[in-house]
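Enquirer: One structure is given below, represented as structure tokens, and several questions about it will come after.
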Amino acid sequence: MLDTDLEGLGPPEATEYVLAFITTLKQTEKARAAADEEAALWARRVELARSKGEEALASQAQVRLDQSTAKRAQLDAELADLKGKVSILKEKLARLRMTGGKSIDTDLLLAQLEMAVGKKDELSKTFKDEESNAALDELKKKMGR
């Protein structure tokens, strides 16, 4: 199942599912803002250490700045992904609410039914029909005598 698939969910369940994605999006936005602040802090510390001539300290601060920048880039990618998914989910939720219920995939339902009970045995049905017709013909012959 894809993250953006609301198939088989009713409006209340789908709403809850979409809200969970929106909550994750908001949390990721807050984490991204915190990563911005952390990167800015370490950038100032790098500059401070360099202005004081403390290259060893500046290099340690630069490592932390690089880590903060990498974390920020990762959060940017997550945000882009989540924003796309939330947009798709909102559209699907609106359509689901308009239809007012669960959507049914008939092909999936048929496949599940066939897996549960097996495929229809056409040959046996044909032979049963022929046997029934033969028995009926035999009965008609007896009645005609």
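Enquirer: What FRET efficiency, computed as 1/(1 + (r/R0)^6) with R0 = 25 Å and r the Cβ-Cβ distance, is obtained for residue 130 and residue 107, rounded to the nearest 0.05?
Expert: Approximately 0.20, to the nearest 0.05.
Enquirer: Quote the FRET efficiency, to the nearest 0.05, computed for residue 143 versus residue 123 with a Förster distance R0 of 35 Å and r equal to the Cβ-Cβ distance. Display every interim value, and only then the final one.
Expert: Details: r = 30 Å, r/R0 = 0.87.
It comes out at approximately 0.70.
Enquirer: Follow-up question, since we're still on this one. Arrange 22, 88 by Cβ neighbour counts within 10 Å, fewest through most, would you?
Expert: 22, 88
Enquirer: Obtain the nm distance between the two label points defined at residue 15 and residue 48 by a simple spin-label model: each point lies 7 Å from its Cα along the Cα-to-C-beta direction.
Expert: 5.0 nm
Enquirer: While we're here: In nm, what is the difference between 0.36 nm times the number of residues separating residue 114 and residue 69 and their Cα-Cα distance?
Expert: Roughly 10.9 nm would be gained on extension.
Enquirer: Bin width 10 Å, origin at 0, all Cα-Cα pairs of segment 30-145: what percent of pairs per bin?
Expert: Final binned percentages: 11, 16, 13, 11, 11, 10, 9, 6, 5, 4, 3, 1, 0.
Enquirer: Right, next: Would you work out which of 106, 63, 49 lies farthest towards the positive end of the dipole of the chain? Charges go on Cβ: Lys and Arg +1, Asp and Glu -1.
Expert: Of 106, 63, 49, it is 106.
Enquirer: Checking the cross-link filter: which aspartates and glutamates have an alpha carbon closer than 14 Å to that of residue 83, excluding same-chain neighbours under 8 positions apart?
Expert: Within the straight-line limit of under 14 Å, residue 83 reaches these aspartates and glutamates: 3, 29, 91.
Enquirer: Ordered by packing density, taken as the mean number of other Cβ atoms within 10 Å over each peptide's residues, highest first, how do 33-44, 50-61, 124-135 rank?
Expert: Most protected by this proxy first, the peptides run 33-44, 50-61, 124-135.
No value in this document is a laboratory result; all are computed from the given coordinates. The shown structure was predicted, so the numbers you read here are calculated from the model rather than taken from an experiment. Note that we place each Cβ from the backbone using ideal geometry, even for glycine, and neighbour counts take in every protein chain shown.
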